[in-house]
Amino acid sequence: MKSRKRADLLLEVLMSSVNLDKVPLDLGWSVWQLFSSGEIYSSKGVRILIKACRLCEPDKTKRVLRGEEV
Amino acid sequence: MIAGSLIDGMRFDGLWVSDHYFNRSSFITLTLIALNTRRVVLGPAVVNPYTTHPAVIAQNVSTLQEVAKGRVRLALGAGDKLALSRIGVEREKPVEAVVNAVNLVRRFLTHSGRVDVYIGAQGERMLRASTEAADGVLVNWSSFEMLEKSARILSDNLAKTFHKAAYVITSVHEDEAKARKTAVPYAAYLMAGSSQKHLERMGIGEDFRKRVQQLLEMNRWDELYQVSTGSWVDEFAFWGSFKKLEEFSSAVLDMGYDEIVFAGPLGPRYLHALKTLSLICRRMRRERVGVG
């Protein structure tokens, strides 16, 4: 899967989550900084998104990484 | 902030941030959003004068107005009775308190440039008071019938500049069952805090209201979904497909509303819902006023 598509899916998982309190502040700010600078679609951006999504939505994250629908 | 940035880029007209003492501060959140957006009009909805004195509300609005370079509006309302009672605040004479707050805030905001003040309203008295005291109203109903009834009440003696917005709790998804499931906790929260008068009209008894309130307080979501099969959910939230939402929105605008506020949760897939809502808004704008 291309990193842009993967980042979009992960961003959807993150933004739709009701468990965002499980994402530490520093990690949350990293996501914002990467998003606002446009770097969220880079490999670093995807890596940070995976880290955040695994904490708040582990099952959905697995499905995205396997290329399945969420 | 990510949502704020996207909303600005998708060319929505406005963005309201909810104001509850148990959530993030609306004004601090709006300040961050203001610093990271360029055109969208911002406002807290709905601030109540019981937990924040009108002088402090005006101070916050005035500061936000500077940060946002004039892109600010404000919604004042009576607040949620149940939530206020939990912190020992008695919501006395809500209509009088809100009108008084509007007048005070306006007095304090004299030097802050133009800030439109809205009143968040449900009941008939608050709706009528909004037309006399404020620049606009946020009608806090999500059902077609109640929005229609409110529009009729508002149609008497309105100034041409008075702005009518329908504040609709929205949950959309192609799979309507998923949309409904996402809407349930929001509808339940609103139902549990509703006045006995409104609940009686909907045929909801006090025992049921208390049961739902308990389930919410204990975060017992599975049981909440089990007891939320009735049509009462439709009174407090719009849920359904995007096509259904577009038809609903079009009918609401036909009632005379100038604006529809699509309030959270938006749907089980937040970003997908946001993107599709922006397309629906653009299409309706194009059809109605030839722009979009």
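Contact order for chain A, expressed relative to its length and based on alpha carbon pairs under 8 Å spaced 6+ residues apart, stands at 45 percent. log₁₀ I(q)/I(0) of the stretch A:3-66 at q = 0.14 Å⁻¹, via Debye over equal Cα point scatterers, no solvent, to two decimals? Rounded to two decimals, the profile gives -0.32.
Basic side chains Lys and Arg get +1 at the Cβ, acidic Asp and Glu get -1 at the Cβ, and with that the dipole of the protein assembly as shown about its Cα centre reaches some 1160 debye.
Listed values for the stretch B:278-290 are Karplus-derived 3J(HN,Hα) couplings in whole Hz (6.51 cos²θ - 1.76 cosθ + 1.60, θ = phi - 60°), namely 5, 5, 4, 4, 4, 5, 5, 4, 4, 5, 8, 10, x, and x replaces Gly and Pro. When the alpha carbon gyration tensor of the stretch B:1-140 is reduced to an equivalent ellipsoid, the three semi-axes, largest first, read 24, 16, 14 Å.
Only helical runs count toward this figure. For the protein assembly as shown, summing -39,500 (n - 2.57) over DSSP H runs of n ≥ 4 and dividing by all residues gives -17000 deg cm²/dmol at 222 nm. Within the protein assembly as shown, the ratio Rg/Rh, alpha carbon atoms throughout and Rh by Kirkwood, equals 0.96. Given the convex hull of the Cα atoms of chain B, what is a quarter of its surface area in nm²? Approximately 14.4 nm², given one-decimal rounding. The value of relative contact order for chain B, using C-alpha pairs under 8 Å at least six residues apart, is 16 percent. Which pairs, out of B:Lys181/B:Lys244; B:Lys164/B:Lys275; B:Lys243/B:Lys275, put more than 21 Å between their alpha-carbon atoms? Going by Cα-Cα distance, B:Lys164/B:Lys275 fall outside the 21 Å limit.
Between B:Pro49, B:Met126, B:Ile28, the Cα set farthest toward the positive side of the dipole of the stretch B:1-148 (charges on each charged residue's Cβ, about the Cα centre) is that of B:Ile28. Summary value for the stretch B:1-140: 21 percent relative contact order, contacts being C-alpha pairs under 8 angstrom separated by 6+ residues.
Loop-located chymotrypsin sites (Phe, Trp or Tyr not before Pro) across chain A with a Cβ neighbour count of 10 or fewer within 10 Å are lacking, with loop assigned by DSSP.
Here, each number is a calculation from the coordinates, and none is a lab measurement. Note that the structure is predicted; figures quoted are calculated from it, not measured. When we count neighbours, we look across all protein chains shown, and the Cβ atoms used for this are built from the backbone with ideal geometry, even at glycine.
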